[in-house]
1. Taking all protein chains together and a probe of 1.4 Å, list H30, H152 from the most accessible to the least accessible.
2. Under the Kirkwood approximation applied to all pairs of distinct alpha-carbon atoms, what is the hydrodynamic radius of region 35-120 in Å?
3. When ranked by the protection proxy of mean other Cβ atoms within 10 Å per residue, highest first, what sequence do the peptides 100-109, 70-79, 157-166 form?
4. Given a cut-off of 28 Å, name the pairs among K59/K147; K36/K117; K83/K117; K46/K117; K117/K146; K59/K117 whose C-alpha atoms lie farther apart than that in the structure shown.
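The values are calculated or read from the model by the stated rules, or taken from the named source; none is laboratory data. The structure displayed is predicted, hence computed values, not measured ones. Neighbour counts are summed over all protein chains in view; Cβ atoms, including those assigned to glycine, are modelled from backbone coordinates with ideal geometry. Just the protein is used for accessible areas: all its heavy atoms, side chains included, with ligands, DNA and RNA removed. Shrake-Rupley method; radii C 1.70, N 1.55, O 1.52, S 1.80 Å.
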Amino acid sequence: MIVAEGKRMINTIEALENFGSIEISDDAIHKISYEKCLETAVNSLKSEGKNLRIEAENKLPEWPGYSTLITELFRELLSNAIKFNNNEVAEVKISSDISDDVLKIVLKDNGIGFNQKYADRIFQMFEKLEDRNKYPGPGLGLSTCKKIVEIHRGTISIESTEGSGSTFIIKLPNQSVFQE
């Protein structure tokens, strides 16, 4: 019991260090391939032996952003879809559209979902709605996603139903307001 708690504490400290290191570089924001960022995230998870199937409604566009952070955003969301899933294969449907100079990305998974009344808590640090023993981890994944989206001056929200998966909605404004 003590050894397990010690390992959990070490994992939490490492996750906090990673969370604290998320920041923008001195480089100006520029147009990147969100499709390439998604591919990199998917390949990273598949190389770890994760069972993941992506169904893309359309190709993700090129849009202003920081490629390392957008890749991490996709990796965290897909990892979450895999972790909180009782199916043999985690399935994620992804779509995007641009309207009023805002890129909207929607990721819908076939995971366990949760009661929508907890949606306001899900992006908080260390928040876990499920049993820590069944779903290990420090509870920083979705906090990381929120921080990345906020760095891009965007918003992230979630719609979920217990037993029916979750849908993440990311809205990123055209950041031409940043000097390139």
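1. Details: H30 90, H152 0 Å².
Descending order: H30, H152.
2. Working: mean 1/r = 0.0727 Å⁻¹.
Computed over region 35-120, the radius equals 13.8 Å.
3. On the way: 100-109: 17.9, 70-79: 23.3, 157-166: 16.4.
Highest mean packing first, the order is 70-79, 100-109, 157-166.
4. Working: K59/K147 25 Å; K36/K117 34 Å; K83/K117 21 Å; K46/K117 32 Å; K117/K146 19 Å; K59/K117 32 Å.
In this structure, K36/K117; K46/K117; K59/K117 exceed 28 Å between Cα atoms.
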